[in-house]
Protein chains: 2
Amino acid sequence: MITIVLLGTGNVATHLFNAFQKTESVTVVQVYNRTKKGLLPFKNKTKTTLSFSDLIVADVYIIAIPDDVIVGLSEKIFFKNRLVVHTSGSIAIDKLSSFNRKGVFYPLQSFTKNKTICFKNIPICIEAEQQKDEQTLQLLAKSISEKIHFINSKQRKAVHIAAIFVNNFVNHLYLKATEICNKHQVSFDILKPLILETSQKIVHLSAKESQTGPAKRNDQKVIDTHINYLQDKTQQEIYKLLTQSIQNTYDDKL
Amino acid sequence: MITIVLLGTGNVATHLFNAFQKTESVTVVQVYNRTKKGLLPFKNKTKTTLSFSDLIVADVYIIAIPDDVIVGLSEKIFFKNRLVVHTSGSIAIDKLSSFNRKGVFYPLQSFTKNKTICFKNIPICIEAEQQKDEQTLQLLAKSISEKIHFINSKQRKAVHIAAIFVNNFVNHLYLKATEICNKHQVSFDILKPLILETSQKIVHLSAKESQTGPAKRNDQKVIDTHINYLQDKTQQEIYKLLTQSIQNTYDDKL
């Protein structure tokens, strides 16, 4: 049995807590948070505390809080030589306090509150300084997911940035498409089958092979008409930059 | 029974031909193409011709060829008062030759050769100048799809541009993510669950609600680190522009 103290009560902490609750090999023995309100949903489910001095003994301390407060919090865990990990894509392992053994347990997914997530298919990127700790994190990851990746801090940053491209930025393009549809009284629903097909295609075919459209065909006449049709400056800038980038990609090939 | 002459043998023409072959209410009675090679896959399946003067009588003539040659071809159909439609997102209905009755039959999907597509969920945008023709196109669309939309030429252009954002541009972001992963020896596979989750989320939640990430949180420290980490100029430009656009979106709300 692996015992966990969870530090934080936000999206990632909550989803991890729920996932560990369903396993037989992991127990969250305590949840820490700096406010009482955050702890409310965990009362009656496990021990909770507002104070670092009340932290109990556990195999792993998982810090799941915003990036800019992770390092500070890691310095407040007054044990020595325990395994303390964070769940962030951005923070290098060596930024954690040196009082304890360091690790990273980064689930690569975009978590939305109140939306249940099946962890089975969520890749978990793990990193530790000691082999024994890597094994513990591997067991922890295996208890909730089938996709375990050993990723160092430099690679993790690349993964995090790539994730921003395929999640944050893609979602923003969905927003731009929503605006364009709304402006012309067309339902955004009309695009949903294409959106699903686009993402499903990439599972089997590379992005380079999947590319279609006027930019790929270098159809400047259609491109100019579109830029002209879009009157919104930001929409035009996004259209121009991505079109130019696609054109450059396929120019290289010639 | 609705009879069709299909003009063109590219991706859209081939996919439409295969879809109509499976219906009981539509028959493709002839396929036209300007080269013999294009007609080869249709031999033994229906009549084929290289010559406009051999075009036979049908209820609908579907022009499925590149945008820049649609109008020219429509002028070579020497009938009078037949229903002639194109399948393009970009060309307004009134650009078609006035010798015949005009219409549009635009399936909103990105077609890849050699990848079978189930038309059932593909939205088909139809437009006609006469009500009778609209009804014919509706029957035609219903024979292969469950999603029929009556969309005028101005709306269709908006749909087409929005489709470029959610398909062509999204796919290009997948390519940028592939480059970032490759550079740091991480498999792009690690992103696939996130890609699928991102597209599936938009089916139930608006893009505005779905947004997460450092740009949404206005986490300038993480943003600057990322821009610095990406050394490629194009990747940096895309990161900056989309981040700025996300920041502006959520600033408006305050």
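Scanning region A:204-224 for residues that are more than 7 Å from chain B (Cβ to nearest Cβ) and of a type in the set (V, I, T) returns a single hit, A:I223. Taken over region B:120-140, the criterion of being in a helix (DSSP H, G or I), more than 10 Å from chain A (Cβ to nearest Cβ) and surrounded by fewer than 22 Cβ atoms within 10 Å (Cβ to Cβ) is satisfied by B:Q131, B:K132, B:D133, B:E134, B:Q135, B:T136, B:Q138, B:L139. Taking the conditions (1) over 21 Å from B:S97 (Cα atoms); (2) surrounded by 20 or more Cβ atoms within 10 Å (Cβ to Cβ) in turn, B:V29 satisfies each one other than (2).
Applying the set (1) buried (at least 21 other Cβ atoms within 10 Å of the Cβ); (2) away from chain B (no Cβ under 14 Å); (3) over 14 Å from the mean Cα position of the chain (by Cα); (4) within 21 Å of A:G72 (Cα to Cα) to A:F105 leaves exactly one unmet item: (3). Residues in region B:91-117 that are charged (D, E, K, R) and either touching a strand residue (DSSP E or B) at 6+ places or on another chain (Cβ under 7 Å) or touching a residue at least 24 places away in the same chain (Cβ under 8 Å) (or both): B:D94, B:K95, B:R101, B:K102, B:K113. Among the residues making up region B:152-195, those that are touching a Pro at 6+ places or on another chain (Cβ under 9 Å) and facing chain A (nearest Cβ under 7 Å) are B:V159, B:I164, B:N168, B:I190, B:L191, B:K192, B:P193, B:L194. Being among the β-branched types (V, I, T), over 22 Å from B:L7 (Cβ atoms) and in contact (Cβ under 8 Å) with a residue 12 or more places away in the chain is a condition met by at least one residue of region B:133-148. Right, A:V5: closer than 25 Å to A:D133 by Cα, assigned to a strand (DSSP E or B), touching a residue at least 40 places away in the same chain (Cβ under 8 Å) and touching a Phe, Trp or Tyr at 6+ places or on another chain (Cβ under 6 Å) or not? For A:V5, the condition - closer than 25 Å to A:D133 by Cα, assigned to a strand (DSSP E or B), touching a residue at least 40 places away in the same chain (Cβ under 8 Å) and touching a Phe, Trp or Tyr at 6+ places or on another chain (Cβ under 6 Å) - is met.
Do the conditions hold for A:T249, that is, is it surrounded by fewer than 18 Cβ atoms within 10 Å (Cβ to Cβ), hydroxyl-bearing (S, T, Y) and in a helix (DSSP H, G or I)? So A:T249 fails the test. Of all residues in region B:150-170, how many are within 10 Å of the chain's Cα centre (by Cα) and basic (K, R)? Qualifying residue count, region B:150-170: 0. Within region B:226-240, if we keep just the residues that are at pLDDT 95 or above and more than 7 Å from every other protein chain (Cβ to nearest Cβ), the residue that is farthest from the chain's Cα centre (by Cα) turns out to be B:N228.
The values are calculated or read from the model by the stated rules, or taken from the named source; none is laboratory data. Since this is a predicted model, take the numbers as computed values, not measurements. Reconstructed Cβ throughout: ideal geometry from the backbone, glycine too, with neighbour counts over all protein chains shown.
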